[in-house]
């Protein structure tokens with residue numbers, strides 16, 4: 001931001017609210033992806049078989065699909081925390097704005 005540039009705090013707060021509310025949508029998308037990956041994992045367990053080729057298949061695929069599932073769970077956790085923390089931040093901004101108005105009105 002350039003020196004001396006004025007920021008409209010009310011617009012900033014409203015923009016933040018909108019942006020942090022989108023984290024819920026992102027979490028829903030990740031949850032849907034997790035369900036798809038779970039289905040793929042279940043199919044992989046059934047399809048590979050137990051013969052030598054199946055064992056080679058599982059050696060290549062099982063850990064990778066577990067890692068993908070773990071990664072998605074971690075991403076969802078981070079997105080959820082960021083969204084919650086963001087909403088809490090916006091609430092603090094709103095509270096500070098309300099207090100500032102009360103102080104200004106009392107002067």
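Just so it is clear, none of the values below were taken in a lab; they were calculated from the coordinates. On a predicted model such as this, the values are computed, not experimentally measured, just so you know. Neighbour counts are summed over all protein chains in view; Cβ atoms, including those assigned to glycine, are modelled from backbone coordinates with ideal geometry.
Residues that are within 19 Å of residue 19 (Cα to Cα) and free of Cβ contacts under 8 Å to residues at least 24 places away in the same chain were ranked within the stretch 89-107; the one that is surrounded by the most Cβ atoms within 10 Å (Cβ to Cβ) is 91.
When residues in the stretch 49-91 are screened for being over 28 Å from residue 30 (Cα atoms) and either in contact with a helix residue (DSSP H, G or I) (Cβ under 8 Å, 6 or more places away or on another chain) or assigned to a helix (DSSP H, G or I) (or both), 6 of them pass.
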